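The values are calculated or read from the model by the stated rules, or taken from the named source; none is laboratory data. Since this is a predicted model, take the numbers as computed values, not measurements. Positions of Cβ are backbone-derived with ideal geometry, glycine not excepted, and every protein chain shown enters the neighbour counts. Remember, those area values only see protein heavy atoms, side chains included, never the ligands or the DNA or RNA. Shrake-Rupley method; radii C 1.70, N 1.55, O 1.52, S 1.80 Å.
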Amino acid sequence: VQLQASGGGLVQSGGSLKLSCVVSGRTIRYLVMGWFRQAPGKEREFVAARAWNSGNTFYSDSVKGRFTISRDNAENTVYLQMDSLKPEDSAVYYCAAQSGPHPSSQARHYNLWGQGTLVTVSS
């Protein structure tokens, strides 16, 4: 199973980016899909997660109202739309998959991880 994240790049403060994560090797249909990020010198932190049926979604307080996680189970892809970006959003963003119905904000609950995509927001 592989998770391939893409869509990162350099953007000005206030701009937008959309990250994608394509999963190969198994269906994501019954998995919780999440996004985490890690800035240099900091611990990996939770960003957003969405249950397989899309009825259970939640975000970290730092991105709530600015980021949107979505998923296309048919395409085995999860997305993270990031709007109103701030310099403090700069980090490597990782997609991850978790078994079970209830999204978790704890990285230890996710057993599948992508390689990360770098987002840099300039001020």
**Message:** Can you tell me what share of the DSSP beta bridges in the chain is antiparallel? A percent to the nearest 5 is fine.
**Reply:** 90
**Relative contact order %, the chain, counting alpha carbon pairs below 8 Å whose residues are six or more apart** = 37
**Request:** Report, to the nearest whole %, how much of the accessible area of the chain belongs to carbon and sulfur atoms, 1.4 Å probe, protein only.
**Result:** 47
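For region 45-123, state which trypsin sites (Lys or Arg not before Pro) are in a DSSP loop and have at most 12 other beta carbons lying within 10 Å of their beta carbon.
Lys64
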**Request:** With only Lys, Arg, Asp and Glu charged, each at its Cβ (+1 for the first two, -1 for the last two), find how big the charge dipole of the chain is about the Cα centre; round to the nearest 20 debye.
**Result:** 180
**Asked** What list of ³J(HN,Hα) values in whole Hz, one per residue of region 86-97 in order, does the Karplus curve 6.51 cos²θ - 1.76 cosθ + 1.60 (θ = phi - 60°) give from phi, with Gly and Pro shown as x?
**Response** 10, x, 6, 7, 4, 4, 8, 9, 10, 9, 8, 10
**Request:** Pop a pseudo-label 7 angstrom from the Cα along the beta-carbon direction at both His102 and Thr68 and give the gap in nm to one decimal.
**Result:** 2.8
**Message:** Quick check: the distance between the Cα centres of region 74-123 and region 1-49, to the nearest angstrom?
**Reply:** 3
